[in-house]
Amino acid sequence: MNAPPAQDPLVATVTIGGMHCPACSARVTKALTSLPGVLQAEVSLEQRQATVTYEPGRITSELLQQAVVEAGYTVEGIEFS
Ligand SMILES: [Cu+2]
């Protein structure tokens, strides 16, 4: 048997303002995936949302917001599910 699995990853949905084109969404994707603890970030330009999969306990709304703002965009809402 393999080692016991780590805790199940969690998902946050971030609504982002200021994205206009695929280069924008790529920039946001890169900013989010570079956060320690983030496993995956899928950014939808059309829906203006990022779906962020992360390891429990390693991500806060402040960290998500900071990454997006530093990339040059705004956060309009964050939902943890
Ligand atoms: Cu753009």
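General observations
- Thr51 being touching a Lys or Arg at 6+ places or on another chain (Cβ under 7 Å), more than 16 Å from the ligand (Cβ to nearest atom), in contact (Cβ under 8 Å) with a residue 12 or more places away in the chain and among the hydroxyl-bearing types (Ser, Thr, Tyr): no
- Condition met for Ala26 (within 15 Å of the ligand (Cβ to nearest atom), modelled with pLDDT of 95 or more and either exposed (fewer than 13 other Cβ atoms within 10 Å of the Cβ) or hydrophobic (A, V, I, L, M, F, W, C) (or both)): yes
The values are calculated or read from the model by the stated rules, or taken from the named source; none is laboratory data. Given the structure is predicted, the values throughout are model-derived calculations rather than measurements. In this analysis, Cβ positions are derived from the backbone assuming ideal geometry, glycine residues included, and neighbour counts consider all displayed protein chains.
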